[in-house]
Amino acid sequence: MTKRVLIVDDALFMRNLLRDIFSEAGWQVVAEAENGLRAIEEYNIHKPDLVTMDIVMPELGGLDAMRRILSEHADAKVVMCSALGQERMVMDAIKAGAKDFIVKPFQDQQVLEVVERVCGE
Amino acid sequence: MDIAKYRDMFLSEAAEHLQQMTALLVAVEQQPADKDTVAALFRAVHSIKGMAATMGFSATAHLAHHLEDSLDLCREQGQIDSEQIDQLLAGVDLLDGLLDDITAQRPERDVDGFIAASAICLQELGPEHMTPVEVADQLDGEGLRLELHLAEKVAAVGPRLLVLIRQLEKFGKVLETSPSEEQIMQGGAPRLLRVRLQTALSQEQLQQQLRQFSELSDILFPVEKASQRPQKKPATAASTVRVSTDLLDHFINLTGELITNRYSLQTAASEQNWQDLHEGLGQLTRLVKNLHHQVLQVRMMPLASITGRLPRAVRDLCRSSGKEVSLEIEGADIELDRAILEELTDPLMHMLRNAVDHGIKERGKVLIKAWRERDQVLIQVADDGCGIDPQKICQRALERNLISPAQAETIRNYDLLQLICSPGFSTAAEVSATSGRGVGMDVVKTAVERLGGVLLIDSVLGEGSKITMKLPLSVAIIRVLMIDCAEMLLALPITRVLQTIEILPEEIQTSGKQLVISHQGELLPLLSLRKILKRPKGPKQKLLPLVITEVLGRKVGLVVDRLVGQREVFVQPLPTPFERLRGCSGGTILGDGRLMFVFDLQSLLEKRRG
């Protein structure tokens, strides 16, 4: 069955990049969100198999958005998208329930390995 | 994976990055908004961080991370100011010190003080603090022991370790981890996780489960070791050098030719074929010469390898003194034996400091120039400052009893300038923090002479100073003048010989108690090598061979029995306890098996005085 993903990132460039990676690998990108608040809305609508969540975003940050999603949907699978030097925030996210993380600059293989591992469980 | 074997590689690469950073930081001050330079700096320190963390040098990684943050901030600001450059340079220095610690296999020095002191300007970045994390050598107790090594490519170590722990929790009960989750959360975690796991899975099953993590470079199941740890090997900081593979190919080809040559010589000898033997020896001579040349190539390094720090030094001196000094380096690609270059680092720095500190008053230029003259290399530090005042030197020399009032009347400028190399001599009216108090030029001179070189000082009041080091290309194989004295064959490095002449006994004059000759308009004191070596007087000769050389900055004529000739020799240091023989800087074995000593006139005379 085709896996469904929600992409959350404030940068269009990053969203496009991830969309390409997922589409090429046969995933269905059900929605994109440019901040945490939109992410929560989209999650509630689509209930995707996976969320890729940027950390630093306007309106509502990725960590808080994840926490709110998890409080409603304990089985949500959230993968954090981090830049170098954001290790502390990523660790906080993992402690708070993120399944895994991917590091920018993204590499197709690295991204796919992580998300498929998370969804394969 | 034995990480220790990558230590040397780490050290050499990290050192290169640091050198590059220093150069970039000095460069970026001229163009503070140059994004490319800031990015290059970021990459350099980032590489160090990654390597150090991989190696488990947590303080180094910690500091590199901190500097990375600082640069990140600069990047965000879009420019980098002088204060930040100072701060970053200090950080680079500290990293340098950490590399020294790692080289000497000492524990890494403390970096928290530095980081805390400079953290104020980083507040905007939030609490991205890393504390060095210690990993236990082994975990004791029940359960299955696991050792997980993170691959080099893993960028975020701490988060990855946490994800792995979460993963392991699915296979059973995690009894203990090192580093612990708390330690990992603090940051600066190494790429290694030791775990005790209570699980129903077998090693194979566990291994299979973990294989889906390509972030893991190694999955080990260590057995419990006896508590007695083997003694670590003593630190041996073997210096390494990069050799091009082309050169190695040359070596193997030469070796091949030498083997062939050996067989043809053997055949010629057994057949007593003098013609072939003669030809074979000719070939051997060529091969050995070639080999010598190639080996020297390996030892050669460009002057640039030690001048990298100089622009930084000038910049620091300018900032602390408020002077405006530009530095120009010419001939940085001139190559010298690495052993010589290593000895030149400090003298060169000192000469530069002198030029900026004492030579140039407010603004000026320092030119470091290197060039080759036959088998010697000349390195000159020239400034367009105020020059050395002979009057002041004379005054100071009198105060210090380095010359007598009578000498002061007649002393020539050349000899006066040489006096600045006397121990404890200084003409700087005030003592400056950088150049100190006149220590230095004597050290420079000693270092140059120890290498078989000569230091030349030239200065014109009001126009500047030129200090030149005249050095041999290589220390191991040098050209010497062979001298016969009291049936002993002695060698003097050719770099120490100013001239050889022969004089008639009638030319000798006396000045006080001293025998002198008049040579090219100046009076040269004569020294007898026989007398210095406490040998009986030799037979009367019609012509006296004389070696004109320099002792303590003064030209002298050394009377010897016979000048034998010049040749290239391979000088080896004398083995203990003979290396303590004063006046003898090494020995070489001649073709007929005789030992020839290379002597150093200056230390021979010092012994005599003592």
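Listing for the model above:
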| item | result |
| --- | --- |
| Qualifying positions in the range B:548-573 - outside any strand (DSSP E or B) and surrounded by fewer than 17 Cβ atoms within 10 Å (Cβ to Cβ) | B:Leu552, B:Pro573 |
| In the range B:151-179, the residues that are more than 13 Å from chain A (Cβ to nearest Cβ), in contact with a helix residue (DSSP H, G or I) (Cβ under 7 Å, 6 or more places away or on another chain) and not in a loop (DSSP other than H, G, I, E, B) | B:Val174, B:Thr177 |
| Test set (1) surrounded by 19 or more Cβ atoms within 10 Å (Cβ to Cβ); (2) of a type in the set (Val, Ile, Thr); (3) within 14 Å of chain B (Cβ to nearest Cβ) - A:Val5 fails condition number | (3) |
| Selection from the range B:359-385 of residues that are over 25 Å from the mean Cα position of the chain (by Cα) and either crowded, with 22+ Cβ neighbours inside 10 Å or of a type in the set (Asp, Glu) (or both) | B:Gly359, B:Ile360, B:Glu362, B:Asp384, B:Gly385 |
| Scan of the range B:493-508 for residues that are of a type outside the set (Val, Ile, Thr), surrounded by fewer than 18 Cβ atoms within 10 Å (Cβ to Cβ) and not in a strand (DSSP E or B), ordered by number | B:Leu504, B:Pro505, B:Glu506, B:Glu507 |
| Of all residues making up the range B:18-47, the number that are surrounded by 18 or more Cβ atoms within 10 Å (Cβ to Cβ), within 14 Å of another protein chain (Cβ to nearest Cβ) and within 26 Å of the chain's Cα centre (by Cα) | 2 |
| Residue under evaluation B:Pro536, criteria (1) part of a strand (DSSP E or B); (2) at pLDDT 90 or above; (3) more than 40 Å from the chain's Cα centre (by Cα), criterion not met | (1) |
| Selected residue (criterion: farthest from A:Phe13 (Cα to Cα)) from residues of the range A:70-87 that are crowded, with 19+ Cβ neighbours inside 10 Å and out of contact with any strand residue (DSSP E or B) (no Cβ under 7 Å at 6 or more places or on another chain) | A:Glu87 |
| Among the candidates B:Leu526, B:Leu533, B:Leu552, B:Leu574, residue that is in contact with a Cys (Cβ under 9 Å, 6 or more places away or on another chain) and either free of Cβ contacts under 8 Å to residues at least 40 places away in the same chain or hydroxyl-bearing (Ser, Thr, Tyr) (or both) | B:Leu574 |
| Spans of strands (runs of 3 or more DSSP E) in the range B:317-427 with at least 2 residues polar (S, T, N, Q) | B:376-383 |
| Which numbered condition B:Ala33 misses (of (1) assigned to a helix (DSSP H, G or I); (2) in contact (Cβ under 8 Å) with a residue 40 or more places away in the chain) | (1) |
| Residues being more than 12 Å from chain B (Cβ to nearest Cβ) and of a type in the set (S, T, N, Q) - total across the range A:69-101 | 1 |
| Of the criteria (1) part of a loop (DSSP other than H, G, I, E, B); (2) touching a helix residue (DSSP H, G or I) at 6+ places or on another chain (Cβ under 9 Å); (3) away from every other protein chain (no Cβ under 11 Å), which one A:Gly26 fails | (2) |
| Any hit, the range A:43-54, residues being buried (at least 23 other Cβ atoms within 10 Å of the Cβ), within 14 Å of chain B (Cβ to nearest Cβ) and not in a helix (DSSP H, G or I) | yes |
| Residue in the range B:308-320 that is hydrophobic (A, V, I, L, M, F, W, C) and surrounded by fewer than 17 Cβ atoms within 10 Å (Cβ to Cβ) present | no |
| Flag for A:Glu32 being without any contact (Cβ under 8 Å) to a residue 12 or more places away in the chain and more than 14 Å from chain B (Cβ to nearest Cβ) | no |
| The range B:334-358: number of residues that are surrounded by fewer than 17 Cβ atoms within 10 Å (Cβ to Cβ), among the charged types (D, E, K, R) and closer than 23 Å to B:Val480 by Cβ | 1 |
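The values are calculated or read from the model by the stated rules, or taken from the named source; none is laboratory data. Because the structure is a prediction, the values reported are computed rather than measured. Because the Cβ atoms are built from the backbone with ideal geometry, glycine has one as well, and the counts that use them run over all protein chains shown.
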